[in-house]
Amino acid sequence: MNDRVAIGKRLDLPGALCKVRREEPRLQEGHSMARDLAPSDLQTGRQPPAAPKLAFAHCGFHCVDLPRMVDFYQRVLGFTETDRGVVRGLDIVFLSWDARDHHQVALVSGRPDLSGFNHINQLSFRVPSIHEVQAVWRRTKDEPGVHDTRGTNHGNAFAWYFRDPEGNRIEIFCDTPWYIAQPCIESLDLSKPADVILREAEAFCRTMPGFRPVGDWEADAARRIADHAAGR
C-alpha cells in the first residue's frame, strides 16, 4: 500500500495494540555504558559495570511478499506506515501504533520463499482488556491468509494467537487480575460475552496452583529483580 496515513488516523480498533515505554539510560559521570574489563579487574575481583535497564522498542523481520505483509499489518492490525526506503539493497517499511515511536514493526524484503521451520516464535502485542482481544479476534478470524488460530486462557492473560500471511505467529493479549503458576494453556472461546469469560476464568484460576492477585506476584517479582540486580 502506497497511501500513507497520518499517525492517529487508525482503523477502528479500541486501544493501541502495542505500548512501548521509552526510558533513557542514565550514566554516572565518567562511566561508560560499555567497558571491557582489563585482566587486572578479573584478578582483583572487581565487578563489571551493571547492565543498563532495557525496554523493548521494536522488531523487524524479512518478508517474502512485502506489499502483502504491509497491507496486512496496516489494514488488519491497524498499524500506520511511518516511513519507507531502501537499505543495503532491500526495501524496508516502518510501521507504528504510537507517535512517540517512529516504528514498532519494520518489514524488510529479502526473505527466501522456503517452506519449513520459521525462526520467529511469536510477536506479542498487549491490549487493555478482553474487549480489545475480542475486537482483534473478530477482525482476523476470517481474514484470508490468517491460519493456525486459537484463543487461550493463560490464567494471568487472555490471548488470541494466529499466523500472519507469511506464517509468523502473532499474539494479541490482555493481562488478568490474577496470577497462577506458569505455563498454563487452556482453551478460550472468544465468542462468549466478556463478562462470562471473566467469570469462568476466575473460577478456573482459583483452582490452580499459585493463585493470588497479580499485584502480590508483581511485588515479589520486583523484589527478586532488585535482589538479582544487586547481586544478592
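Coordinate-derived values only; no laboratory data. This is a predicted model, so every value here is computed, not measured. In this analysis, Cβ positions are derived from the backbone assuming ideal geometry, glycine residues included, and neighbour counts consider all displayed protein chains.
Between the listed residues A181, F204, G231, the Cα displaced farthest toward the positive end of the dipole of region 152-232, a dipole computed from Cβ unit charges relative to the Cα centre, is found at G231. Based on Cα contacts under 8 Å between residues 6+ apart, region 74-115 shows a relative contact order of 29 percent.
Shown here for region 153-219: trypsin sites (Lys or Arg not before Pro) in loop regions (DSSP other than H, G, I, E, B) with at most 16 other Cβ atoms within 10 Å, namely R206. With a ≥ b ≥ c the root eigenvalues of the C-alpha gyration tensor of region 76-144, is it rounded (a/c under 1.5), prolate (a/b larger than b/c) or oblate? Oblate shape, in that a/c is at least 1.5 and b/c is the bigger or equal ratio. Electrostatic tally near I170: other residues with Cβ closer than 13 Å to its Cβ, Lys and Arg +1, Asp and Glu -1, net +1. Looking at the square roots a ≥ b ≥ c of the eigenvalues of the Cα gyration tensor of region 120-232, which shape do they give, rounded for a/c under 1.5, prolate if a/b is larger than b/c, or oblate? Here region 120-232 falls in the oblate category.
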